[in-house]
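Reading through the structure tokens given below for one structure.
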Amino acid sequence: MKNKKLVMIPGPTPVVRSIQDQMGRETVSFKDPEFMKDYKDLIVDLKDIFRVKGEAFVVAGTGTMAMEMAIANVTKDGDNVLIVSNGYFGDRYIEICERKGLSVDVLSAEWGDTVTPEEIEEKLKEKDYKAITVTHVDTSTGTVAKVKEIGEVVKKFEDTIYIVDGVCATAGEKEYVDDYNIDILFTGSQKAFGVAPGLAILFAGERALKRREELGTIREYYVDFHKWIPIMNDPSKYFGTPPINLIWALKESVRLIKEEGIEERYQRHIEDASYIQKKLLDMGFDILAKKECRAVTLSNVLYPEGVDDGEFRKVLSEEGVVVAGGLGEYAGKLFRLGHMGNIDKHVIASTLAAIERTLERIK
Ligand code: PMP
């Protein structure tokens, strides 16, 4: 009999049946009154859950598009920006900002560690930075940045817009937009929301919207807040054809989040991560991220001496679980295990058991 494969990479994460069902519905017109209401209700719920008085955008595209959308709406040519990089996805922002003609400074951490709020405060004193970007969880390292404490720091710098990349965090790691002084937070549907890939979700607080106003016409078209705000407030208007089934799928994900409770969801992620990480350590693996900055959404798991990455992941896949390889200099040295979104105790138990069977088989 063929094994079902559990996809335990850090995105796309497992999509539960009730969300799949929304994807499989017959597609209607985007002017369908019920769909327009669903879209509108989704936007209202998202703003409520993530506590933002400004705007929420749900737009077809991936996390990378959301990165561009964030920076495009709050900066203009030549502006100083500070990029805080705790790994591969922090580094991705460097190229995005350089191509946009921004003047880029970077604060980087060793992989497995994070830049501290104190280092950020010192750096922000140096120049008039128009924006700072911080990756909440860098998927390449499994580290979590102190976004709340960094928010307290950025608050002291009036001109600096605080952008948080929540792609591997939002709906798993604790995050509230206005409460944490975050100006822009974004994610993709395929991570802790547990929806198929294809949607970018972005929140813009009031300070970010004011900055957008001040910029006048921006060069970018598809990602311009001003093109989308009328649609988010009134989905009967048209700008780009909405991805109807994905929007329904996200609405179902939000329904599940409301049913669970966002605080309870955050707590579940904490408990699951500590259980999984303890079991992996007991099996002889190590975790790349330092203890004090370990994410709850994924683990980047270092192999014990003598375990070959290719063989391990091939046998693990035969045992029914797919994980991702390491990035950058950690390629071949670790595997990346997602544990975010809508996964239950059965999925966790099956995953850990498959890892144990794999170790048995390859030793
Ligand atoms: N930021 C982070 C932290 C990510 O993990 C990813 C994707 N793994 C991205 C940005 C880019 O998202 P996407 O692949 O959806 O474009």
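Check the stretch 293-305 and report whether any residue there is closer than 26 Å to Arg17 by Cβ, of a type outside the set (Ser, Thr, Tyr) and over 20 Å from the mean Cα position of the chain (by Cα).
No, the stretch 293-305 has no match at all.
Would you point out which residue out of Phe35, Phe57 is under 20 Å from Phe186 (Cα atoms) and either open to solvent by less than 50 Å² (accessible area, probe 1.4 Å) or acidic (Asp, Glu) (or both)?
Phe57
Okay, residues lined up against (1) under 21 Å from Phe50 (Cα atoms); (2) of a type in the set (Gly, Ala, Ser); (3) open to solvent by less than 40 Å² (accessible area, probe 1.4 Å); (4) not in a loop (DSSP other than H, G, I, E, B):
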residue: Leu246; (1), (2), (3), (4): yes, no, yes, yes
residue: Ile257; (1), (2), (3), (4): yes, no, yes, yes
residue: Val301; (1), (2), (3), (4): no, no, yes, yes
residue: Val307; (1), (2), (3), (4): no, no, yes, no
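So if I check each of Ala354, Ala349, Ala289, which one is open to solvent by 50 Å² or more (accessible area, probe 1.4 Å), among the small types (Gly, Ala, Ser) and either not assigned by TED's automatic domain parsing to the domain that holds Lys146 or not in a helix (DSSP H, G or I) (or both)?
Testing whether each residue is open to solvent by 50 Å² or more (accessible area, probe 1.4 Å), among the small types (Gly, Ala, Ser) and either not assigned by TED's automatic domain parsing to the domain that holds Lys146 or not in a helix (DSSP H, G or I) (or both) leaves just Ala349.
Residue-by-condition table, conditions (1) in contact with a Pro (Cβ under 6 Å, 6 or more places away or on another chain); (2) among the aliphatic types (A, V, I, L, M):
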residue	(1), (2)
Asp309	no, no
Val315	no, yes
Glu319	no, no
Arg336	yes, no
Ala349	no, yes
Glu356	no, no
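Among the residues of the stretch 200-214, is there at least one that is part of a strand (DSSP E or B) and among the acidic types (Asp, Glu)?
For the stretch 200-214, residues part of a strand (DSSP E or B) and among the acidic types (Asp, Glu): absent.
Condition (residue is at positive phi, out of contact with any Gly (no Cβ under 6 Å at 6 or more places or on another chain) and either at pLDDT 95 or above or open to solvent by less than 20 Å² (accessible area, probe 1.4 Å) (or both)) applied to the stretch 172-189: is it met by at least one residue?
no
Here is a list: Lys76, Lys53. Which entry is more than 18 Å from Val134 (Cβ to Cβ), in contact with an Asp or Glu (Cβ under 7 Å, 6 or more places away or on another chain), more than 14 Å from the ligand (Cβ to nearest atom) and modelled with pLDDT of 95 or more?
Every option except Lys53 fails the conditions.
Would you confirm whether or not the stretch 263-284 contains a residue that is outside the structural domain of Thr170 (by TED's automatic domain parsing), farther than 28 Å from Gln20 by Cβ and in a loop (DSSP other than H, G, I, E, B)?
yes
Which number in (1) touching a residue at least 24 places away in the same chain (Cβ under 8 Å); (2) within 12 Å of the ligand (Cβ to nearest atom); (3) surrounded by fewer than 19 Cβ atoms within 10 Å (Cβ to Cβ) marks the one condition that Asp91 misses?
Here Asp91 clears every test but (1).
The values are calculated or read from the model by the stated rules, or taken from the named source; none is laboratory data. Bear in mind the structure is a predicted one, so any value in this text is a computation, not a measurement. Counting neighbours? That spans all protein chains shown, and the Cβs are built from the backbone with ideal geometry, glycine included. Heavy atoms of the whole protein, side chains included, go into the accessibility calculation; ligands, DNA and RNA do not. Shrake-Rupley method; radii C 1.70, N 1.55, O 1.52, S 1.80 Å.
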